[in-house]
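Colleague: Below is the structure I would like to discuss, written out as structure tokens.
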Amino acid sequence: MNHHLRNIFAILVGSAIMGFGINYFNIANRLAEGGITGITLLLKYTLNLDPGITNLVLNIPLLFIGWKMLGRQSAIYTIIGTVAVSFFLTLFSAFRHPMENDTLLAALYAGVTVGLGLGIVFRFGGTTGGVDIIARLFNKHFGWSIGRTLFIFDLFVIGLSLYYLNLDLAMYTLVALFVAARVIDFVQEGSYAAKAVMIISDHAVDISQRIMQEMGRGATLLKGRGGYTGLDKEVLYCVVSRNEIVRFKNLIHETDPHAFIIINDVHEVFGEGFTLDEKKQPIR
């Protein structure tokens, strides 16, 4: 499938998930939302306006900003995402499931579905308009987590939503927003995590040979110097998949029981042995 067609298809799928979740869980249980979507729900609850139409109208000014600041391709994806979410908000308006006896469960599911939908859209280069555009700009220029940026902006909208929400519903909405922010980051980073390992050992060369021969992983030897002894040291750096880490530690221990090992989580890996090697599990 063409790269652009794949991205557009993913954006449509994410928008559909989001539109369904907002109708099925948020609107049905009178939960608020963040960003422009939160304002559309406020207008829905107070004036009974169609959230799909309202969402599209409110996003028009931000679409112009997105076109100038995000670049042509991202802007096109944003227009597609915005129109798609507005369409699915109207399309799924008949699918609403009140959960009056379990509002917490409704909030959790609202957070998961909205977060999943937005995460898919973001991962394939799009946005759904509104504060999503601002979140992507902050991510692009300042390195802020998209989920965290959305959560901060959402707090402001929830404050406005207290106009029609009681305090309990406002707190349930905050639960939904927090869950959505975590799901967005999870989808963005990928569910498959790698491990970066740094090894300080007098047998670093031997360990690197075993890593390459027995595990088929590459390794890099770095030059280091002991702060206490002042002696030169070989520092070994390697990235392995999560399911290989136990075997990896056993291999190091067998070669040098006194090796100093540091292990960190890695959420994205690109290159030989991962994204360029079909025989290995890709880490996205």
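The values are calculated or read from the model by the stated rules, or taken from the named source; none is laboratory data. Owing to the predicted nature of the structure, the values given are computational and were not obtained by experimental measurement. For neighbour counting, all protein chains shown are included, and Cβ atoms are generated from backbone atoms with ideal geometry for every residue, glycine included. Accessible surface areas use protein heavy atoms only, side chains included; no ligands, DNA or RNA. Shrake-Rupley method; radii C 1.70, N 1.55, O 1.52, S 1.80 Å.
Colleague: Determine whether residue 121 is in the same structural domain as residue 64 (by the TED database), within 21 Å of residue 10 (Cα to Cα), of a type in the set (Val, Ile, Thr) and under 12 Å from the mean Cα position of the chain (by Cα).
Modeller: Values: in the same structural domain as residue 64 (by the TED database): yes; within 21 Å of residue 10 (Cα to Cα): yes; of a type in the set (Val, Ile, Thr): yes; under 12 Å from the mean Cα position of the chain (by Cα): yes.
Yes.
Here's the yes/no breakdown for (1) surrounded by 17 or more Cβ atoms within 10 Å (Cβ to Cβ); (2) at pLDDT 85 or above; (3) among the aromatic types (Phe, Trp, Tyr); (4) in contact with a helix residue (DSSP H, G or I) (Cβ under 8 Å, 6 or more places away or on another chain):
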{"residue": "131", "(1), (2), (3), (4)": "yes, no, no, yes"}
{"residue": "139", "(1), (2), (3), (4)": "yes, no, no, yes"}
{"residue": "191", "(1), (2), (3), (4)": "no, no, no, no"}
{"residue": "223", "(1), (2), (3), (4)": "no, yes, no, no"}
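Colleague: If you don't mind, another one. In this structure, does residue 28 turn out to be in contact (Cβ under 8 Å) with a residue 24 or more places away in the chain and either outside the structural domain of residue 150 (by the TED database) or among the aliphatic types (A, V, I, L, M) (or both)? So that I can check it myself, show each step before the final result.
Modeller: Numbers: in contact (Cβ under 8 Å) with a residue 24 or more places away in the chain: yes; either outside the structural domain of residue 150 (by the TED database) or among the aliphatic types (A, V, I, L, M) (or both): yes.
Criteria met by residue 28.
Okay, residues lined up against (1) more than 13 Å from residue 208 (Cα to Cα); (2) of a type outside the set (A, V, I, L, M); (3) part of a helix (DSSP H, G or I):
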residue	(1), (2), (3)
228	yes, yes, no
251	no, no, yes
258	yes, yes, no
261	yes, no, no
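Colleague: So which helices (runs of 4 or more DSSP H) are wholly in the stretch 1-112 and hold at least 3 residues that are open to solvent by 70 Å² or more (accessible area, probe 1.4 Å) and over 24 Å from residue 175 (Cα atoms)? Before the answer, list the steps.
Modeller: Details: elements: 3-21, 35-47, 51-69, 72-91.
Fully inside the stretch 1-112 and qualifying: 3-21, 51-69, 72-91.
Colleague: Quick check: is even one residue across the stretch 200-223 among the aliphatic types (A, V, I, L, M) and out of contact with any strand residue (DSSP E or B) (no Cβ under 8 Å at 6 or more places or on another chain)? Give the steps one after another, and end with the answer.
Modeller: Narrowing the stretch 200-223 to residues among the aliphatic types (A, V, I, L, M): 200, 204-205, 207, 211-212, 215, 219, 221-222.
Subset that is out of contact with any strand residue (DSSP E or B) (no Cβ under 8 Å at 6 or more places or on another chain): 212.
Checked against the condition, which is being among the aliphatic types (A, V, I, L, M) and out of contact with any strand residue (DSSP E or B) (no Cβ under 8 Å at 6 or more places or on another chain), the stretch 200-223 yields at least one hit.
Colleague: When you go through (1) touching a Leu at 6+ places or on another chain (Cβ under 7 Å); (2) surrounded by 14 or more Cβ atoms within 10 Å (Cβ to Cβ); (3) of a type outside the set (S, T, N, Q) one by one for residue 214, which number turns out not to apply?
Modeller: (2)
Colleague: May I pose another question? Among the residues of the stretch 123-156, write down those that are over 15 Å from residue 180 (Cα atoms) and part of a helix (DSSP H, G or I).
Modeller: 133, 134, 136, 137, 138, 139, 140, 141, 142, 156 - these are the residues of the stretch 123-156 that are over 15 Å from residue 180 (Cα atoms) and part of a helix (DSSP H, G or I).
Colleague: Given the criteria within 16 Å of residue 216 (Cα to Cα), out of contact with any strand residue (DSSP E or B) (no Cβ under 8 Å at 6 or more places or on another chain) and either crowded, with 16+ Cβ neighbours inside 10 Å or at pLDDT 85 or above (or both), does residue 250 qualify? Working first, answer last.
Modeller: Values: within 16 Å of residue 216 (Cα to Cα): yes; out of contact with any strand residue (DSSP E or B) (no Cβ under 8 Å at 6 or more places or on another chain): yes; either crowded, with 16+ Cβ neighbours inside 10 Å or at pLDDT 85 or above (or both): yes.
So residue 250 passes the test.
Colleague: Please determine, by comparing only the residues of the stretch 263-284 that are in a strand (DSSP E or B) and β-branched (Val, Ile, Thr), which one is modelled with the lowest pLDDT.
Modeller: From the stretch 263-284, those in a strand (DSSP E or B) are 263-266; that's our starting set.
Okay, now just the ones that are also β-branched (Val, Ile, Thr), so 263, 266.
Numbers: 263: 91, 266: 80.
Of everything passing the filter in the stretch 263-284, 266 is modelled with the lowest pLDDT.
Colleague: Out of the residues in the stretch 162-173 that are modelled with pLDDT under 80 and not hydrophobic (A, V, I, L, M, F, W, C), state the one that is farthest from residue 26 (Cα to Cα).
Modeller: 163
Colleague: Pull up the stretch 205-220, narrow it to residues that are in contact (Cβ under 8 Å) with a residue 40 or more places away in the chain and of a type outside the set (Lys, Arg), then point me to the one that is farthest from residue 269 (Cα to Cα). Break it down into steps so the answer makes sense when it comes.
Modeller: Step one: filter the stretch 205-220 for residues in contact (Cβ under 8 Å) with a residue 40 or more places away in the chain, giving 206-207, 210-211, 216-218.
Narrowing the set further to residues that are of a type outside the set (Lys, Arg) leaves 206-207, 211, 216, 218.
Working: 206: 25, 207: 22, 211: 18, 216: 16, 218: 13 Å.
Across the stretch 205-220, the extreme among qualifying residues is 206.
Colleague: Shifting gears a bit: Give all pairs with beta carbons closer than 6 Å in which a residue from the stretch 221-245 that is within 16 Å of residue 198 (Cα to Cα) meets a residue that is open to solvent by less than 70 Å² (accessible area, probe 1.4 Å) and of a type in the set (Phe, Trp, Tyr); count only pairs at least 6 apart in sequence or on separate chains.
Modeller: Matching pairs, first to second residue: 240/248.
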